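The values are calculated or read from the model by the stated rules, or taken from the named source; none is laboratory data. All of these numbers come straight from a predicted model, not from anything done at the bench. Ideal geometry is used to build each Cβ from the backbone, glycine not excepted, and the neighbour counts take in all protein chains shown.
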Amino acid sequence: MATAGTPEHPLRIAIIGAGPAGFYAAAALLKAEGLTIEVDMYDRLPTPFGLVRAGVAPDHQKDKSVTRAYDKSARDPHFRFCGNIEYGRDLDLDHLKRFYHQIIFATGTQSDRALGIPGEDLPGSHSATDFVAWYNGHPDYARLEFDLSCERVAVVGLGNVALDVARILCKSHEELRHTDIADHALLALKNSRIREVHILGRRGPAQAAFTPPEIIELGELDDTDILVRPEEATLDGASVAALGAHPDRNAEKNVDAIQTYAQRLPQGRRRQLHIRFLLTPLEIIGSAGRTEAIRLARNEPFMAEDGSVQVRQTGDEEVLPVGLVFRSVGYRGLGLPGLPFDERRGVIRNEAGRIIDDGGAALNGLYATGWIKRGPSGVIGSNKVDAKETVALMIEDIHAGRHLEPAQPTAAAAAAFVEALEPRSVSYQDWTEIDAEETRRGEAQERPRVKFTRLGDFLEVLAD
Ligand code: NAP
């Protein structure tokens, strides 16, 4: 058997998932010294860049500029993108093992965590991640409908996704119309009758999961008053002690921002954004098939044995009348056919990126990176560090001779397999044509792009 990794016999690697995690892994592999590596990247969507396209908020264009680095990898002659090909539907582990020495799963976390309370499935109670995918024009979510005709909305959770959702709901048409938000969302939000958005956190400001730039940005909305109750902004004893014992610059900045908001008086703006703390949702109340209110338990903080600040219910309750609830309590990974899955954590079972079986033994040639490896945490750049960790182990395994022995380890064999697949796969060259067309459509409206959101539209551009 020829040694893989030479110019004559390149090491053939498949990456499943074309989001940041997949692209950072590709970049690290393509740079690996002393090895000739060819990367084929598969994605179920016809477009690359995963959550940068379908998750990062449309009014955060700067965050999307990371795609320039991904584009550089994609143009490497040893890289090939195969969009519109879904693992588990169009190909499986046996197919991949036929063509590749190593396979990395970078599929992210495609579902969301549930609150587990009565009424969660009422019409009008939505997962925030569905709403995010809808306003970002993800093809699987473009047909969803959100009834924005009510006046008051709750967003449950204190993470950056909750802030994204609240900000998009509060922004005026003027603030949104120059972004790349999906056209259907731009129109629905223009006609929105929402006047009050209530972000509801179960712990206090010092334990919020959001980050300082995002909470500070909320205070700069054109036509929205931001309101925080002074008694909820004041730090409790447990939080003061925890911050004293373990100073946390981000938490301190978050608390500063919240306490500044608590001093603001309403200015009579069109919308009001309330940020509330120490409230746990108990039930979503509705009748005649729609959401009418959310019942909340009031909490008090205490210092847990591990030094973290946790909460317990005081027995007091509050009912907030709302017509919509967005549950924003974190993403959750889904298991993939043929791979061991840690149900509790919602990640592929792995050790620093090496996929392991239930007994802890590494599965030859199989790896994970990004959120499906470590869970949904950190910022986009965190996936770079994560990918480097996985790739270092992959290279260590190559040098130790631990890899798959594919029967057809050539680019031509894999390409022939992909070309024979239905539906049609989308190449990186195809994507550049879609990208150019979306950008061209955006120019006339002074927007970065006008997104295609239906699979048929993507394929039509390519047919043209
Ligand atoms: P997240 O940061 O994990 O926040 C989840 C929030 O939900 C926390 O406040 C958590 O409170 C709360 N929560 C969990 N279970 C709950 C329950 N049963 N009842 C009430 N509240 C509950 O998740 P995320 O907002 O989905 O964000 C995911 C990742 O993407 C994060 O790393 C985030 O920073 C990143 N992201 C970044 C940006 C950006 O940089 N602009 C934008 C979007 C997302 P506890 O702390 O009490 O558990």
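Close Cβ contacts (under 7 Å, 6 or more residues apart or on different chains) running from residues in region 318-343 that are of a type in the set (Val, Ile, Thr) to residues that are more than 14 Å from the ligand (Cβ to nearest atom) and outside any strand (DSSP E or B) comprise Val325/Gly124. The set of residues in region 314-330 that are closer than 30 Å to Pro247 by Cβ and more than 12 Å from the ligand (Cβ to nearest atom) contains only Thr314. Per the conditions (1) under 24 Å from the mean Cα position of the chain (by Cα); (2) under 24 Å from His60 (Cβ atoms), the sole criterion not satisfied by Ala206 is (2). Taking the criterion of being farther than 25 Å from Asn160 by Cβ, among the aliphatic types (A, V, I, L, M) and touching a Leu at 6+ places or on another chain (Cβ under 7 Å), the residues of region 340-365 that qualify are Ala352, Ile355, Ile356. Pairs linking a residue in region 193-218 that is buried (at least 24 other Cβ atoms within 10 Å of the Cβ) to a residue that is assigned to a loop (DSSP other than H, G, I, E, B) and of a type in the set (Asp, Glu), with Cβ atoms under 8 Å and 6 or more positions apart or on different chains, are Gly204/Asp236. The set of residues in region 312-347 that are farther than 21 Å from Asp147 by Cα and among the hydroxyl-bearing types (Ser, Thr, Tyr) comprises Thr314, Tyr331.
Against the criterion of being assigned by TED's automatic domain parsing to the domain that holds His198, surrounded by fewer than 20 Cβ atoms within 10 Å (Cβ to Cβ) and either within 13 Å of the ligand (Cβ to nearest atom) or within 27 Å of Ile348 (Cα to Cα) (or both), Glu86 does not qualify. Against the test of being at positive phi and over 30 Å from the mean Cα position of the chain (by Cα), the options Gly346, Gly401, Gly365 yield a single qualifying residue, Gly401. Checking each residue in region 1-53 for being out of contact with any strand residue (DSSP E or B) (no Cβ under 7 Å at 6 or more places or on another chain), in a helix (DSSP H, G or I) and buried (at least 24 other Cβ atoms within 10 Å of the Cβ) picks out Pro20, Ala21, Phe23, Tyr24, Gly50. Per this entry, Gly315 is not counted among residues that are surrounded by fewer than 17 Cβ atoms within 10 Å (Cβ to Cβ) and at pLDDT below 95.
Of the candidates Leu163, Leu158, Leu176, Leu186, the single residue that is in contact (Cβ under 8 Å) with a residue 40 or more places away in the chain, closer than 20 Å to Leu221 by Cβ and surrounded by fewer than 22 Cβ atoms within 10 Å (Cβ to Cβ) is Leu176. Checked against (1) assigned by TED's automatic domain parsing to the domain that holds Gly119; (2) not in a loop (DSSP other than H, G, I, E, B), Glu305 meets all criteria but (2). Where helices (runs of 4 or more DSSP H) fall entirely within region 313-427, those with at least 1 residues that are charged (D, E, K, R) and in contact with a Pro (Cβ under 9 Å, 6 or more places away or on another chain) are at 382-399. Within region 345-371, the set of residues being within 16 Å of the ligand (Cβ to nearest atom) and of a type in the set (Ser, Thr, Tyr) comprises just one member, Thr369. Restricting attention to region 425-464 and to residues that are surrounded by 16 or more Cβ atoms within 10 Å (Cβ to Cβ) and among the basic types (Lys, Arg), the residue that is farthest from the chain's Cα centre (by Cα) turns out to be Arg447.
Looking only at residues of region 54-80 that are among the polar types (S, T, N, Q) and closer than 17 Å to Ser382 by Cα, we find that the one that is surrounded by the most Cβ atoms within 10 Å (Cβ to Cβ) is Thr67.
Does Arg374 count as within 16 Å of the ligand (Cβ to nearest atom) and buried (at least 21 other Cβ atoms within 10 Å of the Cβ)? The answer is yes for Arg374. Residues that are within 14 Å of the chain's Cα centre (by Cα), assigned to a loop (DSSP other than H, G, I, E, B) and surrounded by fewer than 20 Cβ atoms within 10 Å (Cβ to Cβ) within region 105-117 comprise Gln110, Arg113, listed in sequence order. Could we say that Thr410 is closer than 22 Å to Asp71 by Cα and of a type in the set (S, T, N, Q) here? Against the criterion (closer than 22 Å to Asp71 by Cα and of a type in the set (S, T, N, Q)), Thr410 does not qualify. Within region 43-79, if we keep just the residues that are in contact with a Gly (Cβ under 6 Å, 6 or more places away or on another chain) and within 14 Å of the ligand (Cβ to nearest atom), the residue that is nearest to Glu422 (Cα to Cα) turns out to be Gly50. Out of everything in region 268-305 that is small (Gly, Ala, Ser) and at positive phi, what residue ends up being nearest to the ligand (Cβ to nearest atom)? Among them, the one singled out is Gly289.
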